[in-house]
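Enquirer: Take a look at the following structure, please.
The values are calculated or read from the model by the stated rules, or taken from the named source; none is laboratory data. Bear in mind the structure is a predicted one, so any value in this text is a computation, not a measurement. As a convention, Cβ positions derive from the backbone with ideal geometry for all residues, glycine included, and neighbour counts pool all protein chains shown. Just the protein is used for accessible areas: all its heavy atoms, side chains included, with ligands, DNA and RNA removed. Shrake-Rupley method; radii C 1.70, N 1.55, O 1.52, S 1.80 Å.
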Amino acid sequence: RKEVEQDPGPFNVPEGATVAFNCTYSNSASQSFFWYRQDCRKEPKLLMSVYSSGNEDGRFTAQLNRASQYISLLIRDSKLSDSATYLCVVLNTGNQFYFGTGTSLTVIP
Amino acid sequence: NAGVMQNPRHLVRRRGQEARLRCSPMKGHSHVYWYRQLPEEGLKFMVYLQKENIIDESGMPKERFSAEFPKEGPSILRIQQVVRGDSAAYFCASSVDRHQNSDTQYFGPGTRLTVL
């Protein structure tokens, strides 16, 4: 079983829509969780960390469910500039980061 | 505070040659990670290093690939006798000491290796 699994999509949504991505992880001892964004042919960039209590940054909301071992990312009021691949990342006790294969989002005018 | 730096950004090699990829972590970061990304695929972990130590190389191919992070200077990912299948983007990331609160990884711009 993969350490981190994501639905690859693609998700094609109209501008202004709300879209949600889920990601599951296999190691219950995982300690830290992140969402990264990667634009085509660019490096991944940190979008937000995911805290146990859930956290929000503008139009983006991240949630963690330890019992079910999944994290989610909600994007409200989608913008064209949100089009990218969103990577779920999990840090395990061995200090190794595990990346999901990414979920592709295209926001359509 | 400069970000993670990688060079070269683009590297072209012929089959059988050696490729050397360099990564300078962010200032104050002592952990370095190397990843490979094949076209249309996700990031694959290769190796995790701290200064002068390889902590985890479980993602590194057993042959032709090696990595180091010397006491002074950048981390080097070395690929000997390159083959066409080595063509990929190689990303380096760094993070601060594990014992501090912040353990986020920051990525360099990557080196795009093309093997002819």
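Enquirer: Under 7 Å between Cβ atoms, which residue pairs at least 6 apart in sequence (or on different chains) link something in the range B:61-75 that is of a type in the set (D, E, K, R) with a partner that is in a loop (DSSP other than H, G, I, E, B)?
Expert: Cβ pairs passing all conditions: B:ARG64/B:GLN80; B:ARG64/B:GLN81; B:LYS71/B:LYS51; B:LYS71/B:GLU52.
Enquirer: Filter the range B:36-51 for residues that are within 11 Å of the chain's Cα centre (by Cα) and within 17 Å of B:SER95 (Cα to Cα) and give the result.
Expert: B:PHE45, B:MET46, B:VAL47, B:TYR48, B:LEU49
Enquirer: Identify the residue in the range B:48-68 that is modelled with pLDDT under 95 and hydrophobic (A, V, I, L, M, F, W, C) and, among all such residues, is farthest from A:VAL89 (Cα to Cα).
Expert: Among them, the one singled out is B:ILE54.
Enquirer: Now for a different question. For a quick check of your reading of the model, give me the residue pairs whose first member lies in the range B:39-59 and is within 8 Å of chain A (Cβ to nearest Cβ) and farther than 25 Å from A:ARG41 by Cα, whose second is at pLDDT 90 or above and in a strand (DSSP E or B), with beta-carbon atoms closer than 7 Å and at least 6 apart or on different chains.
Expert: Between residues of the range B:39-59 that are within 8 Å of chain A (Cβ to nearest Cβ) and farther than 25 Å from A:ARG41 by Cα and residues that are at pLDDT 90 or above and in a strand (DSSP E or B), the close pairs are B:ILE55/B:TYR48; B:ILE55/B:LEU49; B:ASP56/B:VAL47; B:ASP56/B:TYR48.
Enquirer: Here's a follow-up. So, B:ARG36, is that one more than 11 Å from chain A (Cβ to nearest Cβ), open to solvent by 30 Å² or more (accessible area, probe 1.4 Å), touching a Pro at 6+ places or on another chain (Cβ under 7 Å) and not aliphatic (A, V, I, L, M) or not? Write out each step before concluding.
Expert: Numbers: more than 11 Å from chain A (Cβ to nearest Cβ): yes; open to solvent by 30 Å² or more (accessible area, probe 1.4 Å): yes; touching a Pro at 6+ places or on another chain (Cβ under 7 Å): no; not aliphatic (A, V, I, L, M): yes.
So B:ARG36 fails the test.
Enquirer: Go through the range A:41-93 and give me each residue that's part of a loop (DSSP other than H, G, I, E, B), touching a residue at least 24 places away in the same chain (Cβ under 8 Å), closer than 15 Å to A:GLN31 by Cα and in contact with a strand residue (DSSP E or B) (Cβ under 7 Å, 6 or more places away or on another chain).
Expert: A:GLN69, A:ASN92
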